[in-house]
Each structure stands twice: as C-alpha cells, then as structure tokens.
Amino acid sequence: MVMKVRLLLVDDHQIFREALQRLLLSVTDIEVVGLASSGSEVLELARATAPHVICMDINMTGMNGIEATRVLHAALPGVRVVALSTHSEQRYVLEMLQAGATGYVTKSEGFDELLHAVRAAAQGRTYISSEVTALMADGLLDQHAGRSRKTIGPREWQVLRLVANGHTSNVIAGKLGIAASTVEVHRRNIMRKLDLHSVAELTRYVDSHELPDRRSTNR
C-alpha cells in the first residue's frame, strides 16, 4: 500500500480552504490532515497533525506565510512547504524559497499544477510552477541583457499593445496563452517602468513608439 502524502492547508479565506479540501478528496495519494487560517496557528497544528507537506498562503493577517514558513523551517525542518499565492512576482518567490519553501504555485493556475508541487515536495524536490518560472526567466534575461528599468521586453510590448487596443487581462491571457495574473504582473511592470498611470497614457505611448513584433500581438 502506497503511503499517502499528509497535507496541511493554510489560507485565511475559509471558502478557498474548504473548496480546495473538497477537490483533494478525490486525490487518492493525498490526505488533508488539517486546516489553518493564519500563520500563527501553523506550528502548533503541524506538531499535532504531522504533515509531510504544508500548502501555505502568503498574504494572511498577523503572521504572513513567509514568516510562518521561516518559523516552521527552523522548528520542523523535515516538513516541506509549498506556497500557493496570488503573487507571481519574483521577490515573493525568492523570499519564500529563502524562508525554506520548496515549492511555489499561483492561485490562478490549474489544480494539477498544485498536485505536481505537493508530490514533488513530498519527494524532497523543489517545484516552481510554469507561470512563475516563465516570469522569473524573463527577469533573468532582462538582467543578463543589461536592460534598464525603462526598457520594455518583447512580451511586455505584446501586452502593452493589446492593453492599448482595449483588451481586458482575460482576453490578453487567451491571446498570448498565459494566465490572467501574469498579464496583470506585466501591466504593473510596464506602468512602473514607463511611469504611466492609465490606459489612456499607455495608448498614447503606443501610438508614439515603434513596436517590435507587431505581427504577434494581434492574432
């Protein structure tokens, strides 16, 4: 008989916790052994339920997921932590990994992505979801190319053009084959880099600049 992965879910949204727990009932190799609503509950509950893996939200009232992971890693180093967060920005990923997490998945991604991360963590492997990996790779390429903060990369140009054409993040996500949360990250990065504050300003910027890869933005 294969031993089940004992999983503890930590998230401050009750509906999300319970919905995820119900989804996991159909997964034969994973057993949910506890639910927590804040980082401050995690250590005591982990000692009581002996999970193999903890699925950890980041933004929680009181002790956040990063600090809770740090405390857990120091007290129970054998317990693996997988971050499940709305954030896909590189700084959150790096802070969670530095705190001791071995996995990172965004809430906008599919249920299968989380299962991959939990199973990998139970086997002692690190797992970063495909969406987060792509964003981090883009950032590394930008750094390697020596691009300045005001330089817009090819993917950002694609998003910028589609935003200027009036498309929503969901529509842009469909056109480019990426998650809507990834589009939102690109939008925030573009506006920060260019010091722009509205769609009207983005549109004017597009109209006044030559855009690379025009063919790939309006398919």
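The values are calculated or read from the model by the stated rules, or taken from the named source; none is laboratory data. Note that the structure is a prediction, hence the values are computed from the model and not measured. So basically every Cβ, Gly included, is an ideal-geometry build from the backbone, and we count neighbours across all protein chains shown.
Okay, here's what the table says:
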{"quantity": "Search result, residues across region 78-99 that are among the hydrophobic types (A, V, I, L, M, F, W, C) and touching a residue at least 60 places away in the same chain (Cβ under 8 Å)", "calculated": "Leu84"}
{"quantity": "Residues within region 28-44 that are surrounded by fewer than 17 Cβ atoms within 10 Å (Cβ to Cβ), not in a strand (DSSP E or B) and not polar (S, T, N, Q), tallied", "calculated": "2"}
{"quantity": "Conditions (1) closer than 21 Å to Ser88 by Cα; (2) at pLDDT 75 or above: number failed by Asp138", "calculated": "(2)"}
{"quantity": "Any hit, region 58-77, residues being touching a residue at least 40 places away in the same chain (Cβ under 8 Å) and crowded, with 24+ Cβ neighbours inside 10 Å", "calculated": "yes"}
{"quantity": "Filter pass, Arg47 being among the charged types (D, E, K, R), closer than 28 Å to Thr133 by Cβ and outside any loop (DSSP other than H, G, I, E, B)", "calculated": "no"}
{"quantity": "When residues of region 123-133 are limited to those that are assigned to a helix (DSSP H, G or I) and touching a residue at least 12 places away in the same chain (Cβ under 8 Å), the one nearest to Asp29 (Cα to Cα)", "calculated": "Ser130"}
{"quantity": "Given (1) of a type in the set (A, V, I, L, M); (2) out of contact with any Leu (no Cβ under 9 Å at 6 or more places or on another chain); (3) within 18 Å of Gly124 (Cα to Cα), index of the condition Ile66 fails", "calculated": "(3)"}
{"quantity": "Filter result (among the polar types (S, T, N, Q) and within 20 Å of the chain's Cα centre (by Cα)) within region 21-37", "calculated": "Gln21, Ser37"}
{"quantity": "Qualifying positions in region 76-92 - outside any loop (DSSP other than H, G, I, E, B) and within 18 Å of Asp11 (Cβ to Cβ)", "calculated": "Arg80, Val81, Val82, Ala83, Leu84, Ser85, Tyr92"}
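Let's see how each residue does on (1) of a type in the set (Lys, Arg); (2) assigned to a helix (DSSP H, G or I); (3) touching a Gly at 6+ places or on another chain (Cβ under 9 Å):
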| position | (1), (2), (3) |
| --- | --- |
| Gln98 | no, yes, no |
| Ala101 | no, no, yes |
| Tyr104 | no, no, no |
| Leu115 | no, yes, no |
| Ala121 | no, yes, yes |
| Leu135 | no, yes, no |
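Every residue, every condition in (1) at pLDDT 80 or above; (2) crowded, with 18+ Cβ neighbours inside 10 Å; (3) farther than 25 Å from Ser129 by Cβ, yes or no:
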position: Ala145; (1), (2), (3): no, no, no
position: Arg161; (1), (2), (3): yes, yes, yes
position: Ile172; (1), (2), (3): yes, yes, no
position: Leu176; (1), (2), (3): yes, yes, no
position: Glu184; (1), (2), (3): yes, no, no
position: Arg192; (1), (2), (3): no, no, no
position: Leu196; (1), (2), (3): no, no, yes
position: Tyr205; (1), (2), (3): no, no, yes
position: Arg215; (1), (2), (3): no, no, yes
